[in-house]
Every structure is written in structure tokens, then in C-alpha cells.
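The values are calculated or read from the model by the stated rules, or taken from the named source; none is laboratory data. Because the structure is a prediction, the values reported are computed rather than measured. Backbone-built Cβ (ideal geometry, glycine too); neighbour counts: all protein chains shown.
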């Protein structure tokens, strides 16, 4: 009896459909993902069981590094069509800068800071800033690489916004000047978020000295910004 031959089938698999699905998924995740903003220093936040998410727009974020340096980030409306784009991040940052410089120059007439339109434009594109007013002009004249290196050097005495336990709002410190400028930015939605406690998020390293964090929180309370969020990491089962 003759041997039955099994017909061989091709092992070729058409991957066209799978490639299409992969590209569609990749496009979906790219369009819906929220990318982490660049920060001058890595901060390991303390753990908690809270799962409340921090907003991604109309938010003033305060970053406190492990050695006590303070930085601020401001986000406006995510939707550019709101208020014809006047409340988007860059226009709001410009208004905040003008408010802050006006206050600083009024309080320090012998040490005024004057910026060019190009330097103001550079500031509006900063995700996070943190230098004394007297260093601001020189900082904005740096290249982006130099700026990153400048504020990420935690040994640099000119990195970070000066803050202390001042309670005399007739003579506000630099941190208080910036926070008042943010509140008076003209963005009604941001102002309402600040009042509700949704517009301020404080992010501090779990190893940051308590005295520095206390000064930041005390400054906010002095400014009547009594409601804010403390950013934490979700506590795991091992914690």
C-alpha cells in the first residue's frame, strides 16, 4: 500500500492586519497619554492611601527638593479655545511674570529687574522656574541646556525661589510675590481652582527637612491660600 503524503501548508502568516492594529494602538496611546513634565530634581514623595488625582490644567505646582530648594510650575487651560486661548499656559505665565516683576520693582526700586520681549517669551515656555528675581534676567538669557544645568544643580545658591517664615505681606518674600501674581493672573478658572483648593499642589521629597515644607505651607496660609493638595505616592501592600 502506498504511503499517504500529507499536503504541506505554507507557514507564512499575513501580518498586515496585526501591523495595522499595532499602529492604531500606538497612535491612540500617544494621543491620550499625559506626558510627565520636566522637573529640575527627582522627588520621592511620601506614601499615602489617597487616590485623588491632581488636575492637569489650571494648576500651580510647588516643588520642594530634598535640600529645600523651591520651584513653581503653572498650567493654564488645556483647551486652547477657552477664552480664545487667553487662559492657555503661555499667556498666563506672561501675565504672572508681569505681575510679579511689577510687585518686585515696586518694593525694590533700587534693584529693579527689566526684561526684553525675547526674555519674557522665553519665560512663558518654562514648565518650571525657580531663581531669585536678581538672577532671572541672566537665567532667561541662557540656552535651554544651560538653564536645566543651572536649576538642577542643588549646590547652586542661586537655584530655587527664596522663601522664609515671613508674615508681613507689606514686605512679601519672593515666594509670596510669585503666588500672589499667580492668583492675580486674570484666569478666572485658575482663581476659582485656587479658592477650592484644587489649584495648588505641593510636591516635596520624603526626605525634605520639615522646616522648609513648613515655611512653604505657612506662606500659603499667610496668603489666605488655606486649601491645597499634598502630592504623594500610592502606598503599596508592603508599606
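Tabulated values for the structure
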| read-out | value |
| --- | --- |
| Every residue from the range 120-131 that is surrounded by fewer than 16 Cβ atoms within 10 Å (Cβ to Cβ) and in a loop (DSSP other than H, G, I, E, B) | 125, 127 |
| Residue count for the range 109-136, restricted to those that are touching a residue at least 60 places away in the same chain (Cβ under 8 Å) and farther than 18 Å from residue 162 by Cα | 1 |
| Residues of the range 102-119 classified as in a helix (DSSP H, G or I) and touching a helix residue (DSSP H, G or I) at 6+ places or on another chain (Cβ under 9 Å), total | 8 |
| Residue in the range 120-134 that is over 18 Å from residue 72 (Cβ atoms) and in contact with a helix residue (DSSP H, G or I) (Cβ under 9 Å, 6 or more places away or on another chain) present | yes |
| Residue ranges of helices (runs of 4 or more DSSP H) in the range 154-239 with at least 3 members modelled with pLDDT under 90 and either more than 20 Å from the chain's Cα centre (by Cα) or surrounded by fewer than 19 Cβ atoms within 10 Å (Cβ to Cβ) (or both) | 188-196, 210-222 |
| Count of the range 137-153 residues which are surrounded by 16 or more Cβ atoms within 10 Å (Cβ to Cβ) and either without any contact (Cβ under 8 Å) to a residue 24 or more places away in the chain or touching a helix residue (DSSP H, G or I) at 6+ places or on another chain (Cβ under 6 Å) (or both) | 4 |
| Residue in the range 14-35 that is within 30 Å of residue 230 (Cβ to Cβ) and either at pLDDT 95 or above or surrounded by 10 or more Cβ atoms within 10 Å (Cβ to Cβ) (or both) present | no |
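Matching residues to (1) touching a helix residue (DSSP H, G or I) at 6+ places or on another chain (Cβ under 8 Å); (2) farther than 23 Å from residue 133 by Cβ; (3) in a loop (DSSP other than H, G, I, E, B); (4) modelled with pLDDT under 85:
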residue: 55; (1), (2), (3), (4): yes, yes, yes, yes
residue: 61; (1), (2), (3), (4): no, no, no, no
residue: 74; (1), (2), (3), (4): yes, no, no, no
residue: 79; (1), (2), (3), (4): no, yes, yes, yes
residue: 94; (1), (2), (3), (4): yes, no, no, no
